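The values are calculated or read from the model by the stated rules, or taken from the named source; none is laboratory data. Everything quoted here is computed from the prediction, not taken from an experiment. Cβ atoms come from the backbone with ideal geometry, glycine included; neighbour counts cover every protein chain shown. Accessible surface areas use protein heavy atoms only, side chains included; no ligands, DNA or RNA. Shrake-Rupley method; radii C 1.70, N 1.55, O 1.52, S 1.80 Å.
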Amino acid sequence: MALTGIQIFKLLPKTNCKKCGFPTCLAFAMKLAQGGVELSACPDVSDEATASLGEASAPPIRSFALGTGDKAAKMGAETVMFRHEKKFVNPCAIAVNVKDDLSNDELTAMAEAVANSEIDRVGQNLRVEAISIECASGDSAKYEAAVKLVAEKAPDAALILNCKDAGNIEAAVKTVAARKPLIYGASDENAEAIAAIAKANSVPLVAIADGPEALSALTEKIKGFGVEDIVLDSGAKKAKDIIEQNTQIRRSALKKSFKPLGYPVLNNVIRDDSILEASIAAVAISKYASIVMVSSVEKWKNLALFTQRQNLYTDPQVPMQVEQKIYEINEPTADSPLMITTNFSLTYFIVSGEVENSKVPSRLAVMDSEGLSVLTAWAAGKFTAAKIAAFIQECGIGDKINNKELILPGQVAILSGALEDKLDGWKITVGPREANAIPTYLKGRA
Amino acid sequence: MSYVVPKESFNGKVAAVDFGKDDKALTIGGESSLPFLSFEGEQPNRPVIAYEIQDCPPDDWPDTVKDVYKDVSGDPVTWAKYCQDELNAKAIALRLVSTHPDRNDTSAEEASKTIKDVLAAINVPLIILGSNNIEKDATVLVAAAEAASGNNCVIGKAQEGNYKTIVAAALAHNHKLIAMSELDINLAKQLNILITQMGFDKAKLITDPMCSALGYGLEYTYSVMERIRLAGLAQNDQTMQPPILGDVGMYVWKVKETVAAETDVPDWGTLEERGIAWETLTATSMMLAGTNLLIMRHPKAIENAEKTIDELV
Ligand code: B12
Ligand code: SF4
């Protein structure tokens, strides 16, 4: 159970030496209770205190990676139930399931679809993180060959060994042990044998049981066998079971400090209809899954799921922003038009996309407006005539272009007069209100 | 350590609001726990999805969704009947787009006639929406409320700048009312208070905190809705207990993802599935955040959202 700040304080040296960076031991203890610092920040803490605090100061939801390398997907470490309270930490990984009895060509195609799934959206590289190989054949050699093939063709993807047979798992794990595959998984009947394999190969393991209660008993058992990196599958398949059980699991971990359920969750949302599958995946992504398992990775579906996940996992306090600078699009010359907008990622992404579409060489001045959209920034006083004028003058763009003309977003047409007064020698032009009118507008000027 | 189901129970409850007539009447809201969490509260009514139609051809809808209605969308009555009889719509949302000064600027009288014709042709509940022009809606929706008198419709949207006349008309003709504000929980609360201060029964109110499409501000809508729900249930804030509206279709079917051809954006995959998925996922996300009534456009998106609801209730 989590300790309160006072309980932790009693175990500290109480010298107020400040070496931890806090003015007093009590202040440090309070922060520790909230999970904001590590106990190791206090150099003088006794071994005895470390032992009794170790368990309590561990994060309520265990954190570890799915896969290896810089494309590994971190999981767990979540701290809240609702995204408006605090940013959700580690975006839910998307995993596609393939069966080992497919032909080599089919396996290769699926692995390559995963390997090539990366899309850039609002400045983030998004991808299908994992591929799950299901042992449908029941044949050890066939399974191992399929795992090997998929691993080769999707070299950066995390691997999930979807197999319940200890013998078949053991052979397959060995061939890809360096990739740290997630074993999926162990149920009450085979927990000991499969936990032994996970432990011997230092790989994580999914615990599979029917509902949170049975699951909590199983994770304790698996932990007893020496495996710490556990993923939870409560058997929920229907959307209602997913949302209810995931809620119960996260609430137990966060609100009750119930360690047996303090692990990342995997949901299988496989459906016959791909759009329905995407919809149920959205339920899992929104409501607390760390891995969502689907059956196909069409491009439209990836885009929709990546976007849904990105929306849920953005920081509610700090909008996504891009760097303030003059962006050159379609190789501009000194005669190309200059436009201005704010540094809200979404605004930049839409506007720059449309400028690109126009194929007209252009410059887009992106001004720091604390990540607010054009109108919001204007209403908040961050995108005013004075601030725009100062930015344009300081960045020195006027020296690089022949025509001192600045194109404003149509929504802030109201700024044009004041801006013309403040920016001596510049012509201010009002552009279209909506970005989708930009291509026609730019082509019309050219 | 043994597991105990971590239940949370609340004092507050979402108001149950009914609309429509006779055996086709529908009820939304009434839940006493967060969306779909039946293990700790009541979830008596499933979310309702209304088919959106409009009083003029949908020239500004992208092809994927415009083509579905190409044979019926020339006339709102035919269109409404098609949704009810062929697509099994449980409710229809008629948007009086043509009344907008920038569109056809059609008069309140013409709008009234359309409403009467549509009401005569269908028996499922009708939601009547203005063109979202503050001044024009103030007269059009008043006439609409009168034209639909006795049909227990949902009328909207009343906003800060025009709520007075619309509220009075909804009150006089016994309709349910949508109160809309722009993505701010305090604005939503304030508008609900202003409206009930006019003597409008809070049990007849539906709140629209403004929808947004997947990828285009969805996270703001999602969190505002979650916070409204929490305020209504956990804090028992009476002003935050009306059911929530998600006006999904109109926000979805204009973003690039539902419009751009695959040839222009090969990385985004096929356009038709992309558009349908975009509307479906936006709707699903809204429902998870607390939406009780959704307005949508594409039959396949509605079908998938209904299947999702089937799994959630
Ligand atoms: C989401 C939102 C917020 C979010 C912030 C999101 C963000 N990161 O900016 C939050 C909730 C924090 C917020 C806060 C506020 N908001 Co606000 N917000 C909105 C909302 C709903 C959407 C804004 C958005 O994201 N648009 C999408 C982006 C992509 O649009 P955009 O940047 O304008 O870009 C488009 C065009 O301008 C054009 N474009 C952009 N750049 C360029 C450049 C050129 C050259 C061209 C040609 C075109 C072009 O292309 C884009 C796509 O078409 C709008 C309402 C609405 N429906 O617009 C209100 C709105 C902008 N907010 C408003 C207000 C008043 C505020 C607040 C001051 C108070 C409040 N009501 O909450 C605060 C201020 C914040 C602060 N820090 O002080 C008002 C502004 C009213 C006005 N006309 O003055 C609006 C219009 C709502 C309203 N009617 O009340 N808001
Ligand atoms: S470093 Fe340790 S002993 Fe020193 S003030 Fe911090 S908690 Fe107290």
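If you check A:I183 against the conditions, is it of a type in the set (A, V, I, L, M) and touching a helix residue (DSSP H, G or I) at 6+ places or on another chain (Cβ under 7 Å)? Yes. Residues in region B:1-15 that are free of Cβ contacts under 8 Å to residues at least 60 places away in the same chain and either away from every other protein chain (no Cβ under 14 Å) or open to solvent by 60 Å² or more (accessible area, probe 1.4 Å) (or both): B:M1, B:S2, B:V4, B:V5, B:K7, B:S9.
For (1) open to solvent by 20 Å² or more (accessible area, probe 1.4 Å); (2) in contact with a Pro (Cβ under 7 Å, 6 or more places away or on another chain), each residue gets a yes or a no:
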| residue | (1), (2) |
| --- | --- |
| A:G123 | yes, no |
| A:A130 | no, no |
| A:E134 | yes, no |
| A:G138 | yes, no |
| A:K148 | yes, no |
| A:P155 | yes, no |
| A:L161 | no, yes |
| A:K164 | yes, no |
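If I filter region A:215-238 for residues that are touching a residue at least 24 places away in the same chain (Cβ under 8 Å), open to solvent by 60 Å² or more (accessible area, probe 1.4 Å), within 20 Å of A:I280 (Cβ to Cβ) and within 13 Å of chain B (Cβ to nearest Cβ), do I get at least one hit? Yes, because at least one residue in region A:215-238 is touching a residue at least 24 places away in the same chain (Cβ under 8 Å), open to solvent by 60 Å² or more (accessible area, probe 1.4 Å), within 20 Å of A:I280 (Cβ to Cβ) and within 13 Å of chain B (Cβ to nearest Cβ). As a summary of the residue check, A:L3 satisfies the conditions (1) assigned to a loop (DSSP other than H, G, I, E, B); (2) at pLDDT 95 or above; (3) open to solvent by 30 Å² or more (accessible area, probe 1.4 Å) except for the one numbered (2). Within region B:53-72, residues that are farther than 25 Å from B:K113 by Cβ sit with their Cβ atoms under 9 Å from residues that are charged (D, E, K, R) and buried (at least 23 other Cβ atoms within 10 Å of the Cβ), at 6+ positions apart or across chains, in these pairs: B:T64/B:R274; B:V65/B:E279; B:V65/B:R297; B:V68/B:R297. Filtered by the rule that a residue be in contact with a Phe, Trp or Tyr (Cβ under 8 Å, 6 or more places away or on another chain) and either open to solvent by less than 20 Å² (accessible area, probe 1.4 Å) or more than 9 Å from ligand 1 (Cβ to nearest atom) (or both), region A:373-407 gives A:V374, A:A377, A:T384, A:I392, A:G398, A:K404, A:E405, A:L406. Summed over region B:175-224, the residues that are among the hydrophobic types (A, V, I, L, M, F, W, C), within 15 Å of the chain's Cα centre (by Cα) and over 28 Å from A:M81 (Cβ atoms) give a count of 2.
Residues that are within 14 Å of chain A (Cβ to nearest Cβ), crowded, with 22+ Cβ neighbours inside 10 Å and outside any loop (DSSP other than H, G, I, E, B) within region B:23-61 comprise just one, B:I49. The residues listed here are A:S257, A:S252; of these, the one that is open to solvent by less than 10 Å² (accessible area, probe 1.4 Å), in contact with a helix residue (DSSP H, G or I) (Cβ under 9 Å, 6 or more places away or on another chain) and polar (S, T, N, Q) is A:S252.
In region A:273-294, the residues that are on the phi > 0 side of the Ramachandran plot form Cβ pairs under 8 Å with partners that are of a type in the set (V, I, T), at six or more places apart or across chains, as follows: A:Y288/A:T247; A:Y288/A:I249; A:Y288/A:V265.
Looking at A:T108, is it more than 16 Å from ligand 2 (Cβ to nearest atom), of a type in the set (S, T, Y) and open to solvent by less than 50 Å² (accessible area, probe 1.4 Å)? In short, yes. A:L419 satisfies every condition listed in (1) closer than 19 Å to A:E323 by Cα; (2) more than 12 Å from ligand 1 (Cβ to nearest atom); (3) crowded, with 16+ Cβ neighbours inside 10 Å except (1).
Candidates B:K256, B:K300: the one that is at pLDDT below 95 and either within 11 Å of chain A (Cβ to nearest Cβ) or farther than 30 Å from B:D67 by Cα (or both) is B:K256. If only residues of region A:422-446 that are within 13 Å of ligand 1 (Cβ to nearest atom) and assigned to a loop (DSSP other than H, G, I, E, B) are counted, the one that is least open to solvent (accessible area, probe 1.4 Å) is A:G431.
Which residues, taken from region A:11-56, are touching a residue at least 40 places away in the same chain (Cβ under 8 Å) and either among the β-branched types (V, I, T) or in a helix (DSSP H, G or I) (or both)? Show your work before the answer.
First pass over region A:11-56, keeping only residues touching a residue at least 40 places away in the same chain (Cβ under 8 Å): A:11, A:35, A:52-53, A:55-56.
Those that are touching a residue at least 40 places away in the same chain (Cβ under 8 Å) and either among the β-branched types (V, I, T) or in a helix (DSSP H, G or I) (or both): A:L11, A:S52, A:L53, A:E55, A:A56.
Applying the criterion of being at the interface with another protein chain (Cβ under 7 Å from one of its Cβ atoms) and out of contact with any Leu (no Cβ under 8 Å at 6 or more places or on another chain) to the residues of region B:216-225, the residue that is farthest from B:E31 (Cα to Cα) is B:L218. When B:E311, B:E273 are checked against the criterion of being surrounded by 19 or more Cβ atoms within 10 Å (Cβ to Cβ), within 7 Å of chain A (Cβ to nearest Cβ) and farther than 28 Å from B:V14 by Cα, a single residue qualifies: B:E273. Counting the residues of region A:112-121 that are surrounded by 16 or more Cβ atoms within 10 Å (Cβ to Cβ) and assigned to a helix (DSSP H, G or I) gives 3.
Would it be correct to say that A:K382 is more than 13 Å from chain B (Cβ to nearest Cβ), free of Cβ contacts under 8 Å to residues at least 60 places away in the same chain, away from ligand 2 (no atom under 16 Å from the Cβ) and assigned to a helix (DSSP H, G or I)? Here the answer is no, as A:K382 does not meet what is asked.
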